[in-house]
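The values are calculated or read from the model by the stated rules, or taken from the named source; none is laboratory data. Keep in mind that what you see is a predicted model, and the values were worked out from it rather than measured. Cβ atoms come from the backbone with ideal geometry, glycine included; neighbour counts cover every protein chain shown.
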Amino acid sequence: MASGCSSNALQAIAGAGAAPEAPVKLKLYSFWRSSCSQRVRIALNLKGLEYEYKPVNLLANEQSDPEFERLNPIKYAPALVDGDTVIADSFAILMYLEDMYPQHPLLPQDPQNRALNIQIASIVSSSIQPLQNYPVLNFIEEKLDSNEAIKWTQHHINRGFTALEKLLKGCNTTYATGNEIQLADIFLEPQIYGGIKRFGIDMSIYPVLARLHEAYMEHPAFLAALPERQPDAPSS
């Protein structure tokens, strides 16, 4: 009987003298000032995932480049490439990362707390952020002026922050829904940070959100994801 090689032996022979294949690195298509991109950067940092940063300059309309449009037909940042898998939209990306890379879970097992996390994330992603993105503000500026665009943005951020403050009333944990960073925090901080830095929101009337912001600003995963620390951020 002819002798044969086990599958392990065959693999060893085939791989002899060849360098092991490097794991495929995630690619994040991101704009430095995009709060949606910032959410994904925070999650990647929390989960300890290395990724290649691929800048997309929304102000220069690079999102309309055919290469990027193939990744995200609606032409918004961010988009994530994981091998042959392409995911666009920050919420979808975060859910994908949660399923594929379960380290540092973003959603708790408790159904009530899980629902609260999703509710907070949805308020930010559905009722605040879309009303302040570039296409909306550009449209208002064209029809009216830049002052009206700022007033519009401040109105909707304050409306959302008022709801979030009521929802989190009595919160005495380190972060929004517990003592571990979860999905709600990943949505809250980019919105709070942008509200302060870009739109001059007075956080003194939102004591819970203000306290959470201070906590986020002490965590390395949040600090590394800050807009001004990204490679495509302006140098001055």
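Quickly run through the range 68-84 and pick out the residues that are more than 17 Å from P227 (Cβ to Cβ) and surrounded by 10 or more Cβ atoms within 10 Å (Cβ to Cβ). Across the range 68-84, the qualifying residues are F68, E69, R70, L71, N72, K75, A79, L80, V81, D82, G83.
Between L94, L137, L131, the distinction of being surrounded by 20 or more Cβ atoms within 10 Å (Cβ to Cβ), under 26 Å from K54 (Cα atoms) and not hydroxyl-bearing (S, T, Y) belongs to L94 only. Of all the numbered requirements in (1) assigned by TED's automatic domain parsing to the domain that holds A184; (2) touching a residue at least 24 places away in the same chain (Cβ under 8 Å); (3) not β-branched (V, I, T), A115 misses one, and that requirement is (2). Could you tell me which residue of the range 156-189 is modelled with the lowest pLDDT, considering only residues that are surrounded by 12 or more Cβ atoms within 10 Å (Cβ to Cβ) and farther than 28 Å from N45 by Cα? The qualifying residue modelled with the lowest pLDDT is H156. Considering (1) touching a helix residue (DSSP H, G or I) at 6+ places or on another chain (Cβ under 9 Å); (2) part of a helix (DSSP H, G or I), say which one E142 fails and leave the rest. It is condition (1) that E142 fails.
Taken over the range 29-55, the criterion of being aliphatic (A, V, I, L, M) and either touching a helix residue (DSSP H, G or I) at 6+ places or on another chain (Cβ under 6 Å) or at pLDDT below 55 (or both) is satisfied by V40, I42, A43, L46.
The helices (runs of 4 or more DSSP H) found entirely in the range 162-236 that carry 1 or more residues being in contact (Cβ under 8 Å) with a residue 60 or more places away in the chain and under 22 Å from F31 (Cα atoms) are 183-197, 220-224.
In the range 60-77, the residues that are free of Cβ contacts under 8 Å to residues at least 12 places away in the same chain reach residues that are in a helix (DSSP H, G or I) and crowded, with 18+ Cβ neighbours inside 10 Å with C-beta atoms within less than 8 angstrom, at least six apart or across chains, in these pairs: E62/F68; E69/Q63.
Residue-wise test of (1) assigned by TED's automatic domain parsing to the domain that holds D185; (2) touching a residue at least 40 places away in the same chain (Cβ under 8 Å); (3) over 18 Å from the mean Cα position of the chain (by Cα).
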{"residue": "Q119", "(1), (2), (3)": "yes, yes, no"}
{"residue": "V124", "(1), (2), (3)": "yes, yes, no"}
{"residue": "S127", "(1), (2), (3)": "yes, no, no"}
{"residue": "V136", "(1), (2), (3)": "yes, no, yes"}
{"residue": "E142", "(1), (2), (3)": "yes, no, yes"}
{"residue": "D145", "(1), (2), (3)": "yes, no, yes"}
{"residue": "E148", "(1), (2), (3)": "yes, no, yes"}
{"residue": "Q154", "(1), (2), (3)": "yes, yes, yes"}
{"residue": "G160", "(1), (2), (3)": "yes, no, yes"}
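Report, by residue number, each residue of the range 202-212 that is under 22 Å from I42 (Cα atoms) and either among the polar types (S, T, N, Q) or in contact with a Phe, Trp or Tyr (Cβ under 7 Å, 6 or more places away or on another chain) (or both). Selection gives L209, L212.
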